[in-house]
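Read through the structure below, which is laid out as structure tokens, and then see the notes.
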Amino acid sequence: MNIAVCVKQTADTESIPKLSSDQSHVSDEGIVWIINPHDESAIEIAIRLRDQCNGSVTLFSIGPERVESALRQGLSMGADEAVHLLTDAMPIDQKIIAELLARRLKSQNIDVIITGEVAIDGGGAQVPQRLAKLLHWSCVTAVEELHIEATSFTARQPVEQGDKIHEGQLPAVIGINRRIMEPRYPSFKGIMKAKRKEIVKESVELESPSYSIESLRLSAPRSEGKVVTYQQGVVDKTIKFLQEKTSVI
Amino acid sequence: MFEITVVGESQGSELVSSTLEACHVASKLSNALGVNWRIIVDEDAANSAINYGSEVISYSIGEEHKQSPDVIASTVTEILEPTKVIVMAATSTGKDLMGRIAQLLSAPLAQDCIGFEIDSGDVLFKRELYGGKVLANVKLSGSPILASFRPRSFTPIDRLDTPAVAQLHSIDILLSEPTVILKPRSQKENLDVTEASIVVSGGRGLQGPENWTILEELTDALGPTATLACSRPVSDEGWRPHNEHVGQTGRSISPDLYIAVGISGATQHIAGISGSKFILAINKDPDAPIFRVADYGIVGDLFQIVPELTSAIRNAHTI
Ligand SMILES: Cc1cc2nc3c(=O)[nH]c(=O)nc-3n(C[C@H](O)[C@H](O)[C@H](O)COP(=O)(O)OP(=O)(O)OC[C@H]3O[C@@H](n4cnc5c(N)ncnc54)[C@H](O)[C@@H]3O)c2cc1C
């Protein structure tokens, strides 16, 4: 089974984003980079699948030089190979991202593509669906339970009304949610092995985007709220406050 | 020519409330741009849709296809007449579907928008980035463009005085797989966390699933627009179902009132609740980060405060 995992490098949740001086993008300054948490679980699922039925796990990531550290981390978790589609800046147009990935993945012999359902920074939530349409493959996204056999898959996707159960044939694109499984920490052996692996680098050109940022601003911190210590009478005051400030009590 | 299309989502024969909000977006857009809008919906919900949109197109796809996002995406793109803007609610189903429709049309898509503005004829979509820490106005170029809207970002559209007439399209479906079935939720039906105007949310501070009765009673006292949510460890432990988990890896919600009980307020949790209009936090640790985002915080023992709050609300309502 040849498995591809598409990985995005994102800002760590605890990082505090700052805007560039011209306010056009979020600056890289002070950001701690991680693998998008949903993608990190996608790598875990892929490695387990490979260990069950042999084959290989290849990581694909688009972005500037810094992205290499995400790929290196994925290799030390146990992925076999990594391909870095090198760009000057991180593209934000999901259509362009999906097209780049589809073009590259077509030339590879792949049975299943596993990736996160959404990136926690941009919140795009569309690359799995787009990739599948471009390749004319099946797609399930927001998956929380996955079974893959030699040629078929069963996936559970929670929706508002319950669980959707999708059954289909490979090849397929599976977009998964972190809740499917916590990823492993790389072992010391894994880290040493990954250091010796070569990351394939291919420069790619970005077309002009159809999704662009017109303006950005940092969210205003919520106005300092009132904090009181519980004692007699506090609950009644709370209710009065809620009645004043909200329309729902 | 129809220039704005709402892709409707239905449950049984009714449009879901988030679709009525998407219709509201469409009608505001249509007023601002001076163009028509319409709803595309499964035939089962056509009789509901005609009460809200003056143009309704319905499709018939057969029972076995009703849960298939591929079939619905192909059907919608097939019967879509020239359209400039396609909108839908950013529910799980909506986001899944919009990604597929966008690629079938080779068009840009902004998911989970929380607003829009018109800037010299262009629509700019408002989105949260970095878990709500950054707000962006996004421009989509070309035609059509697609946007899904986070539930509760807009109020539902009003009913029409006189219902419209629906046009029905029958579609030949060639697709045979994947097959998709829906297993409806079996537990007691609570309002979905994204739809409720009041959300009572419990964290690890509750100590165990057996203590949820105090939150259920509070939710009950707050009335039918209130529902339960929880932090991630609570759903990971199986104390509460996964669909109640809010945060970075769970649901994003924007209720009028969010009540965080025994929740520390980790960044990953805040990422899902930053759209809340008012946050009330109850925590015994005065340094808990939840107090930094709360509009009102009570430092103390939740097991004492929550029952007192419940009876005070019951009293307030009977006065
Ligand atoms: C990749 C990743 C993704 C994540 N995604 C999410 C997510 O989507 N959603 C999410 O919620 N978390 C998420 N987390 C986990 C998050 O980091 C926190 O661990 C989690 O939110 C903590 O849950 P909690 O507040 O219920 O528990 P705790 O942090 O243990 O807090 C319990 C709180 O209860 C208080 N308390 C205890 N007893 C009482 C009492 N008797 N009365 C009053 N207060 C009391 C304590 O003071 C404490 O503040 C994620 C983590 C990672 C690494």
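If you go through the range B:242-251 and keep only what is in contact with a strand residue (DSSP E or B) (Cβ under 9 Å, 6 or more places away or on another chain), within 9 Å of the ligand (Cβ to nearest atom) and within 11 Å of chain A (Cβ to nearest Cβ), you end up with B:H245, B:G250, B:R251. As a summary of the residue check, B:E3 satisfies the conditions (1) closer than 28 Å to A:C139 by Cβ; (2) outside any helix (DSSP H, G or I); (3) not aliphatic (A, V, I, L, M) except for the one numbered (1).
Out of B:D122, B:D172, B:D192, one residue alone is among the acidic types (D, E) and away from chain A (no Cβ under 13 Å). It is B:D172.
Is there a residue in the range B:227-241 that is near the ligand (Cβ under 8 Å from one of its atoms), under 29 Å from B:S92 (Cα atoms) and within 11 Å of chain A (Cβ to nearest Cβ)? Yes. The set of residues in the range A:7-45 that are more than 16 Å from the ligand (Cβ to nearest atom) and assigned to a strand (DSSP E or B) comprises A:L19, A:V26.
Listed here are the residues, each with its yes/no results for (1) modelled with pLDDT under 95; (2) within 18 Å of the chain's Cα centre (by Cα); (3) within 20 Å of B:N283 (Cβ to Cβ); (4) charged (D, E, K, R).
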residue	(1), (2), (3), (4)
B:P178	yes, no, no, no
B:Q187	yes, no, no, no
B:D192	yes, yes, no, yes
B:E195	yes, yes, no, yes
B:I198	no, yes, yes, no
B:P209	no, no, yes, no
B:P233	no, no, yes, no
B:R240	no, no, yes, yes
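Pick from A:G74, A:G78, A:G63: which is surrounded by 17 or more Cβ atoms within 10 Å (Cβ to Cβ) and within 16 Å of the ligand (Cβ to nearest atom)?
On the way: A:G78 fails: within 16 Å of the ligand (Cβ to nearest atom); A:G63 fails: within 16 Å of the ligand (Cβ to nearest atom).
Exactly one residue qualifies, and that residue is A:G74.
Listed here are the strands (runs of 3 or more DSSP E) enclosed by the range B:116-200 that have at least 3 residues being surrounded by fewer than 17 Cβ atoms within 10 Å (Cβ to Cβ): B:166-170, B:179-184. Note on the range B:94-126: residues that are farther than 17 Å from A:K133 by Cβ and of a type in the set (S, T, N, Q) amount to 1. Summed over the range B:291-303, residues that are at the interface with chain A (Cβ under 10 Å from one of its Cβ atoms) and near the ligand (Cβ under 8 Å from one of its atoms) total 3. Among the helices (runs of 4 or more DSSP H) confined to the range B:206-319, the ones with at least 2 residues that are surrounded by fewer than 18 Cβ atoms within 10 Å (Cβ to Cβ) are located at B:213-221, B:232-236, B:302-318. Please determine whether any residue of the range A:2-16 is buried (at least 17 other Cβ atoms within 10 Å of the Cβ) and at pLDDT below 95. Yes: the range A:2-16 contains one or more residues that are buried (at least 17 other Cβ atoms within 10 Å of the Cβ) and at pLDDT below 95. For the range B:50-64, a residue qualifies if it is buried (at least 19 other Cβ atoms within 10 Å of the Cβ), under 27 Å from B:L175 (Cα atoms) and of a type outside the set (S, T, Y), and the qualifying residues are B:V56, B:I57, B:I61.
Table: residues versus (1) at pLDDT below 95; (2) more than 14 Å from chain B (Cβ to nearest Cβ).
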site	(1), (2)
A:P186	no, yes
A:S212	no, no
A:P221	yes, no
A:Y230	no, no
A:L242	yes, no
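I'd like the residue in the range A:59-81 that is within 16 Å of the chain's Cα centre (by Cα) and assigned to a strand (DSSP E or B) and, out of all such residues, is farthest from A:E207 (Cα to Cα). Among them, the one singled out is A:L59. Of the listed requirements (1) facing chain B (nearest Cβ under 10 Å); (2) in contact (Cβ under 8 Å) with a residue 12 or more places away in the chain, A:T238 misses just one: (2). Do we find that B:S254 is within 15 Å of the ligand (Cβ to nearest atom) and of a type in the set (S, T, Y) in this structure? Considered against the rule, which asks whether it is within 15 Å of the ligand (Cβ to nearest atom) and of a type in the set (S, T, Y), B:S254 comes out as no. Here is the figure for the range B:206-226: residues that are within 14 Å of chain A (Cβ to nearest Cβ) and either within 16 Å of the ligand (Cβ to nearest atom) or at positive phi (or both) total 3. How many residues are more than 8 Å from the ligand (Cβ to nearest atom) and in contact with a helix residue (DSSP H, G or I) (Cβ under 8 Å, 6 or more places away or on another chain) when one looks only at the range B:274-288? Result for the range B:274-288: 6.
Among the residues of the range B:252-265, is there at least one that is within 11 Å of chain A (Cβ to nearest Cβ) and among the charged types (D, E, K, R)? For the range B:252-265, residues within 11 Å of chain A (Cβ to nearest Cβ) and among the charged types (D, E, K, R): present.
The values are calculated or read from the model by the stated rules, or taken from the named source; none is laboratory data. A quick note: this is a predicted structure, and the numbers were derived from the prediction, not measured. Note that each Cβ is placed from the backbone with ideal geometry, even for glycine, and that neighbours are counted across all protein chains shown.
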